[in-house]
Amino acid sequence: MKPARVTEASEAVPEFSADPASCVIRIERSAYGRRVVLEDVALSLHAGNVVGLFGHNGAGKTTLVRTAFGLVRTWTGEVVVGGKKLSAAGPLDRLRAGLAYVPQDHGVFPDLSVAEHFDLSRAGGRLGRREHQDSAAEILDLLPALKDKWHQRAGELSGGQRQLLSIGRSLLPRPRFMFLDEPSLGLAPNLVEDIMEFIRNLAVTRGMGVLLVEQNVHQALRAVDEVYVLRSGRTVARHAAADLADSDTLWELF
């Protein structure tokens with residue numbers, strides 16, 4: 001297979017669209033105080049597809065998803081969901097617009113039960129009580145491991161179960177797009193494979209667009225349709241996942 005060339009950042013920038021099934025993220029600059037982490041970064045998500053975001057440690061992957069979800073205050077650019085700009089919106093507004101974010105540390109409270117996490121998630125969601133209950137029932141059918149641990153505290157769950165709780169809780173408001181930051185972190189190899197299969201099925205069966213930040217590239221390639229690569233805070237490449245699975249191209253991009 002002929003190695004694909006590294007695209008310039010400008011070539012990786014997607015066109016903006018009013019498509020209701022698309023989410024476009026363009027970050028001109030994102031910084032923590034005076035330290036600039038991202039410049040000229042752009043990517044797009046579409047319903048039913050999983051997009052992988054790869055790059056070396058410190059490339060800015062976590063900053064990208066935190067910025068897109070409104071958790072980084074010093075930034076310029078645009079986030080467009082279904083043609084609607086959310087650039088000035090905070091995390092709660094982005095949640096209600098159909099975005100969800102699962103951080104790499106799971107973001108669960110060890111002293112709260114699975115049931116209490118689900119109840120807590122309703123407060124900031126966009127669903128009424130009945131819709132929330134229906135959504136919770138759907139998720140428990142999707143994640144029977146959580147149903148079995150319904151009254152157990154999160155601190156007593158395994159790493160894989162805490163990851164499923166974090167994902168399940170984020171699914172409650174029925175988001176259109178989900179950002180997953182290192183969902184395989186700290187999991188045993190067999191659980192990583194299960195998580196990637198679950199993410200793939202989640203996108204297909206629920207019609208969600210998923211942005212998957214991962215260091216476990218080989219496993220992630222099983223789940224994704226498309227790959228963006230960050231290098232030193234910039235988008236440097238965009239490829240179909242099928243073009244990378246059996247080549248050394250991906251490693252050349254890091």
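The values are calculated or read from the model by the stated rules, or taken from the named source; none is laboratory data. Keep in mind the model is a prediction, meaning the values are calculated, not measured. Cβ: placed from backbone, ideal geometry, glycine included. Neighbour counts: every protein chain shown. Just the protein is used for accessible areas: all its heavy atoms, side chains included, with ligands, DNA and RNA removed. Shrake-Rupley method; radii C 1.70, N 1.55, O 1.52, S 1.80 Å.
In summary, the stretch 40-149 shows an alpha-carbon radius of gyration equal to 1.22 times the 2.2 N^0.38 Å reference for compact globular proteins.
A cut-off of 5 Å between modelled amide H atoms, ignoring neighbours fewer than 5 places along the same chain, links Ala237 with Val229. Going 7 Å from the Cα of Val204 in the Cα-to-Cβ direction, what parts of the stretch 151-172 have a backbone nitrogen less than 14 Å from that spot? Inside the label zone: nothing. The apolar share of the surface of the chain, taken as the fraction of accessible area on carbon and sulfur atoms (1.4 Å probe, ligands and nucleic acids excluded), comes to 48 percent. Positive-end ranking of Ser158, Leu127, Leu38 along the dipole of the chain, with charges on Cβ about the Cα centre, is headed by Leu127. Sequentially through the stretch 129-139, phi angles give Karplus couplings (6.51, -1.76, 1.60; θ = phi - 60°) of 4, 5, 5, 5, 4, 5, 5, 4, 5, 4, 5 Hz, Gly and Pro residues having no value and appearing as x. When each of the peptides 218-227, 134-143 is scored by the mean number of other C-beta atoms lying within 10 Å of its residues, the order from highest to lowest reads 218-227, 134-143. Percent of C-alpha pairs per 5 Å bin in the stretch 97-224, short distances first: 2, 11, 22, 25, 22, 12, 4, 1, 0.
The residues of the chain present an accessible area of 46 Å² per residue when probed at 1.4 Å with all protein chains retained. Scaling against 2.2 N^0.38 Å puts the C-alpha radius of gyration of the chain at 0.98.
The local environment of Ala154, defined by Cβ-Cβ distances under 11 Å, has a net charge of +1 under the rule Lys, Arg +1 and Asp, Glu -1. Per residue of the chain, the DSSP helices (runs of n ≥ 4 H) give a summed -39500 (n - 2.57) that works out to -9500 deg cm²/dmol at 222 nm.
Each label point was placed 7 Å from the Cα along the Cα-to-Cβ direction; for Arg129 and Arg29 their separation is 4.9 nm.
Counting only Cα atoms, the stretch 25-104 measures 31, 25, 23 Å along its principal axes, largest extent leading.
Counting 0.36 nm for each residue step from Glu138 to Ala88 and taking away their Cα separation leaves a gain of 14.8 nm.
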